[in-house]
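Encoded as structure tokens, the structure appears first; notes follow it.
The values are calculated or read from the model by the stated rules, or taken from the named source; none is laboratory data. Predicted model, so just to flag it, every value in this text is computed and none were measured. Because the Cβ atoms are built from the backbone with ideal geometry, glycine has one as well, and the counts that use them run over all protein chains shown. Protein only, heavy atoms only, side chains kept; ligands, DNA and RNA dropped before computing areas. Shrake-Rupley method; radii C 1.70, N 1.55, O 1.52, S 1.80 Å.
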Amino acid sequence: MADFVRRLERLRRRQRVERVIPDRINPLEVLSRSEIRQRYRFHPESIVFLLGMIFNALESPTFRSSPLPPMISLLVTLQFFASGAHYLVIGDIHGVSKSSVSRAVRRTTAAICSLRDRYIKFPRNDAARAIHKEFYNIARFPKVIGIIDGTQIKIKGPKENETDFVNRKGYHSINVQMVCDARFRITNVVAKWPGSVHDSRIFRESELCRKFENGEINGLLLGDSGYPCRPYLMTPYLNTQTAAQERYNIALTKTRVLIEQTFGVLKRRFPCLSYGLRTETTSAPQVTVACVVLHNFGMDRGDILERMVDEPFEPPEAEVDINQAGARCRDVFAATHFA
């Protein structure tokens, strides 16, 4: 009996299993405009425009193994960003395998990230002066060039240095620093630090901080009390002593809320950042940057969400660095502009 079973097994292995390649339908050709918008977060013309910029990076040099067309690779990736769903589910929707979805997401994400310098730029010269005016019109806070804050992006627990990625709320994440302007555009992003790292350290070791320290940027950043006060980084008073300081705090709070709204818009458009990333820890920063690129791309195209959403308020961690020079600058600034 055992010999019979072994013979059957050898026979089964010799039989050729014919590979079945499913038909791949382009969803842009069968779905309505609103359905495309709902599933992929962009209108059809914006998707086509985006594909034109990254087509060469997605095109396979040969037709061996029936590679995914660039359009399908892009749509698969956009749906992952728009839903955070399992690769198996996304693959079933588009008629591709789970492994093909994984490769498509990895490749397309890298291609989108290559557009980073084009779509994520810190304002300079005339653009900076225009942003100063836009921020001033909100709450009369002068010289502001951006609002800075960190947001936690949930990830699955890594195999190495697992405890470093556990944030103060007890789940695994990366802590992503972003700066936005007065129109919800993200002008700077740092997405490489574990969730346990404090916001102030991320900024202190960033290229943006170095540029402010060297006087390369003209303007002020606004941050919460988790950041140290600096001559170029204004934070709120924890205990106001004068009416000018109180008015300063009110103006700062009204202006700084824009970064919370920006986080809300970004995570509403790309819920994978809100629900959590099931990709490898090393891929999470790249996915985050790709979503930021697409956020700004959508704004440039006029392809934006209809409603702004606030990120749920999270109290900042305690200020960890009391800078006397920065505190004195803040006192003078408040007395000068909010007296």
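A compact table of results
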{"read-out": "Length gained when the stretch Leu31-Ala325 is fully extended (0.36 nm per residue, less Cα-Cα span)", "value": "99.9 nm"}
{"read-out": "GluC sites (Glu not before Pro) lying in DSSP loop within the stretch 185-254, provided at most 15 other Cβ fall within 10 Å", "value": "Glu205, Glu216"}
{"read-out": "Cα-projected label distance for Tyr275 with Lys254, points at 7 Å along beta-carbon direction, nm", "value": "3.9"}
{"read-out": "Förster-model FRET efficiency, 35 Å R0, Arg268 and Leu238, C-beta, rounded to 0.05", "value": "0.65"}
{"read-out": "Solvent-accessible area of Ser200 with every protein chain in place, 1.4 Å probe, in Å² to the nearest 10", "value": "10"}
{"read-out": "Accessible heavy-atom area order of Ile54, Ile93, highest first, probe of 1.4 Å", "value": "Ile93, Ile54"}
{"read-out": "Which label in (i) 24.3, 97; (ii) 23.6, 74; (iii) 34.5, 130 gives the computed Rg and Dmax of the Cα atoms in Å", "value": "(i)"}
{"read-out": "Probe 1.4 Å, all protein chains present, accessible-area order of His132, His94, His337, largest first", "value": "His337, His132, His94"}
{"read-out": "Accessible surface, 1.4 Å probe, highest first, among residues Tyr237, Tyr248, Tyr87", "value": "Tyr87, Tyr237, Tyr248"}
{"read-out": "Solvent-accessible area of Thr151 with every protein chain in place, 1.4 Å probe, in Å² to the nearest 10", "value": "10"}
{"read-out": "3J(HN,Hα) from dihedral phi, the stretch 144-151, Karplus parametrisation 6.51/-1.76/1.60, rounded to Hz, x for glycine, proline", "value": "7, 10, x, 10, 10, 6, x, 9"}
{"read-out": "Whole-percent carbon and sulfur share, accessible surface of the chain, 1.4 Å", "value": "51"}
{"read-out": "Solvent-accessible heavy-atom area per residue, rounded to whole Å², over the chain at 1.4 Å", "value": "53"}
{"read-out": "Note, ³J(HN,Hα) from phi for the stretch 239-254, Karplus 6.51, -1.76, 1.60, rounded to Hz, x at Gly and Pro", "value": "9, 6, 10, 9, 5, 5, 5, 5, 5, 4, 4, 5, 5, 5, 5, 4"}
{"read-out": "Amide hydrogen neighbours beyond the local backbone of Ser114, cut-off 5 Å, H modeled", "value": "none"}
{"read-out": "Antiparallel DSSP beta bridges within the chain, percent to nearest 5", "value": "75"}
{"read-out": "Exposure of Val293 as accessible area (Å², to 10), given a probe of 1.4 Å and all protein chains", "value": "0"}
{"read-out": "Gain upon complete extension [Gln261, Thr282; 0.36 nm per residue less C-alpha separation]", "value": "4.8 nm"}
{"read-out": "Neighbourhood net charge (9 Å Cβ-Cβ; Lys/Arg +1, Asp/Glu -1) for Met299", "value": "+1"}
